[in-house]
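Below is one structure, written out as structure tokens; the observations come after it.
The values are calculated or read from the model by the stated rules, or taken from the named source; none is laboratory data. As the structure is a computational prediction, the values presented were derived from the model and not from experiment. Methodologically, a virtual Cβ is constructed for each residue, glycine included, from the backbone with ideal geometry; neighbour enumeration extends over all protein chains shown. Quick note on the areas: whole protein, heavy atoms, side chains included, nothing else; ligands and nucleic acids left out. Shrake-Rupley method; radii C 1.70, N 1.55, O 1.52, S 1.80 Å.
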Amino acid sequence: MEYWDIYDEKKQKTGRTMKRNDWNMKPDEYHLTVLGVLKRPDGRYLITQRKLDKEWGAGWWEVPGGGVNAGEDSRDAVIREIREETGIDVSQAAGGYAFSYKRVNPEEKNNYFVDIYKFILDFVDNDVKVQPEEVEGFKIATLEEIRAFAQEGVFLHYDSMKEVFD
């Protein structure tokens with residue numbers, strides 16, 4: 001069973017934890033997630049396609065990411081998530097933390113912060129080894145392709161993170 005730390009509205013740990021995906025949060029409770037944008041020196045980005053059997057966003061495109069485990073910091077979490085989902089190690093890559101945003105969803109009892117990271121790393125298609133339980137496939141995409149997926153409404157979190165794509 002995975003646990004997440006509970007944060008307050010100022011993104012400070014409260015000392016309490018919750019079970020992963022146990023959506024019964026109080027209005028002033030938040031959990032922390034991460035998203036990792038991986039850019040090659042040629043200006044293309046690694047994006048992944050969600051499994052077709054996902055509860056929401058099935059088949060949509062995204063960047064690797066996920067929940068920050070209890071006791072874990074967000075940088076370690078994004079490095080772990082990218083490695084798990086794509087097989088790529090960004091621990092020595094250029095770049096790092098870009099910015100955060102907050103979502104408040106009282107009707108869903110799911111409030112969270114998202115830490116966005118951007119890494120620059122030279123890699124090729126053969127370096128990518130997707131996690132079959134989480135990822136349907138991947139694409140080394142241009143910014144124009146990412147924007148096209150976003151316009152179709154099939155790129156998760158794009159509007160909240162578009163400034164990280166430059």
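Secondary-structure-derived ellipticity at 222 nm for the chain, considering helices only, amounts to -4500 deg cm²/dmol, per-run term -39500 (n - 2.57) for DSSP H runs with n ≥ 4. Taking the DSSP beta bridges with both ends in the chain, the antiparallel portion is around 75 percent.
Taking the protein heavy atoms of segment 58-127 in the context of the full set of protein chains, the accessible area attributed to carbon and sulfur is 46 percent at 1.4 Å. Counting 0.36 nm for each residue step from Tyr97 to Asn126 and taking away their Cα separation leaves a gain of 7.8 nm. Taking square-rooted eigenvalues a ≥ b ≥ c of the alpha carbon gyration tensor, is segment 25-72 rounded, prolate or oblate, where a/c under 1.5 means rounded and, failing that, a/b exceeding b/c means prolate? Verdict is oblate for segment 25-72. With R₀ set to 35 Å, the beta-carbon distance separating Lys19 from Glu144 gives a calculated FRET efficiency near 0.30. The value of relative contact order for segment 1-112, using C-alpha pairs under 8 Å at least six residues apart, is 26 percent. Solvent-accessible surface of the chain, taken per residue with a 1.4 Å probe and all protein chains present: 53 Å².
Straight-line reach from Lys26: which aspartates and glutamates have Cα under 20 Å away, leaving out those fewer than 8 places along the same chain? Qualifying aspartates and glutamates at Cα under 20 Å: Glu2, Asp5, Asp8, Glu9, Glu107, Glu108. A simple spin-label model places pseudo-atoms 7 Å from Cα toward Cβ; at Glu163 and Glu55 they are separated by 3.1 nm. Using only Cα atoms, find the angle between the long axis of helix 143-152 and the longest principal axis of the chain, and express it within 0 to 90 degrees, rounded to the nearest 10. Roughly 50 degrees between the two axes.
Given a cut-off of 21 Å, name the pairs among Lys11/Lys54; Lys51/Lys162; Lys19/Lys129; Lys19/Lys109 whose C-alpha atoms lie farther apart than that in the structure shown. Flagged as over cut-off: Lys11/Lys54; Lys51/Lys162; Lys19/Lys129.
With R₀ fixed at 35 Å, the C-beta to C-beta distance from Tyr3 to Asp42 puts the FRET efficiency at about 0.30. Within segment 21-166, the ratio Rg/Rh, alpha carbon atoms throughout and Rh by Kirkwood, equals 0.95. Rounded to the nearest 10 degrees, the angle from helix 74-86 to the longest Cα principal axis of the chain is 50 degrees.
Quote the FRET efficiency, to the nearest 0.05, computed for Lys10 versus Glu72 with a Förster distance R0 of 22 Å and r equal to the Cβ-Cβ distance. For R0 = 22 Å, the calculated efficiency reads 0.70.
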